[in-house]
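I have placed the structure first, in the form of structure tokens, so that the comments after it can refer back to it.
What follows draws every value from the coordinates through simple rules; no lab data is involved. Not measured: the values here are computed from a predicted model. Cβ atoms come from the backbone with ideal geometry, glycine included; neighbour counts cover every protein chain shown.
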Amino acid sequence: MEINSIDVFKMPRMAKTEYDRLIEDQYICRIAFKGDLYPHIAPFLYIFDGRFIYFLSSNYGRKVQYFQDNPLVTVEIEHYSPDLSHFSFVSLPGRLVQLEDPDKKREVKERFVGLIKSKNLSPNVMSALGYSPEEPVEALLHGEKNSVWKLTAVKVEKIMGLKGHRSQIERPAIDKA
């Protein structure tokens, strides 16, 4: 069998249920902002409430200015095995909005506290959120060292979810004992 060099293997697209599960299962993403000359990509922790994705951003750094200049972004979430035998990713173009409602901000921050505790994340994660690693994770609930952003205006037809050939998103077995 001769392989034609112009035949390109295209990665299979993920079904909506597959990329929804990927978004639910992961908690780290990258956000691409429109930069000055080049795009600016920054890693973020996120939470997903089943409808919207929320981010906790420190109130410093270029990402803050890029967000203020142009809130149109693309969020990328991925999953892969160490040997890349399984991998998948989803890209979500949309618009970031900053939450101003104090009750909603507190609710989202409480979910971040829960995420950090449930995943047993290193105290070093606090430095990415504007706090000292020596501060308790509950410090996220007080003060204004960070902002809560929400991804909106995501059109389903613009979502790009791809997976490696025969990849599946692996979920850990649940012990029902």
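Here the scattering of segment 32-113 is modelled by Debye summation over its C-alpha atoms, one equal scatterer each and no solvent; at q = 0.11, 0.13, 0.14 Å⁻¹ the log10 of I(q)/I(0) is -0.36, -0.50, -0.57. Using a Förster distance of 45 Å, how high is the FRET efficiency between residue 107 and residue 11, based on the Cβ-Cβ distance and rounded to 0.05? Step by step, r from the Cβ atoms, then E = 0.75.
Restricting the calculation to Cα atoms, segment 1-63 shows an Rg/Rh of 1.17 when the hydrodynamic-style radius is the Kirkwood one. With contacts taken as Cα pairs under 8 Å and at least 6 residues apart, the chain reaches a relative contact order of 29 percent. Comparing 23, 143, 86 along the charge dipole axis of the chain, the residue lying farthest to the positive side is 23, per the Cβ-charge model.
Calculated translational diffusion coefficient of the chain (10 °C, 1.306 mPa s; Stokes-Einstein with Kirkwood radius over alpha-carbon pairs) equals 89 µm²/s. The alpha-carbon of residue 117 sits under 12 angstrom from the alpha-carbons of these aspartates and glutamates, leaving out residues fewer than 8 places away in its chain: 138. With the convex hull constructed from alpha-carbon coordinates only, segment 76-132 shows a mean projected area of 5.9 nm² over all directions.
The protection proxy used here, the mean number of other Cβ atoms lying within 10 Å of each residue, ranks peptides 40-50, 118-128, 67-77 as follows, highest first: 67-77, 40-50, 118-128. Measuring against 24 Å, Cα to Cα, the residue pairs 104/145; 104/158; 109/163 contain 104/158; 109/163 as the ones spanning a longer distance. Against the chain, whose longest principal axis comes from its Cα atoms, helix 16-25 is set at around 40 degrees. Fully extending the segment from residue 37 to residue 80 would add 12.4 nm, taking 0.36 nm per residue of separation and subtracting the current Cα-Cα distance. For the chain, a crude dipole built from +1 on the beta carbon of Lys and Arg and -1 on the beta carbon of Asp and Glu, taken about the Cα centre, is about 320 debye to the nearest 20. The helix-based estimate of mean residue ellipticity at 222 nm for the chain, built from -39,500 (n - 2.57) per DSSP H run of four or more residues and divided by its residue count, is -6500 deg cm²/dmol to the nearest 500.
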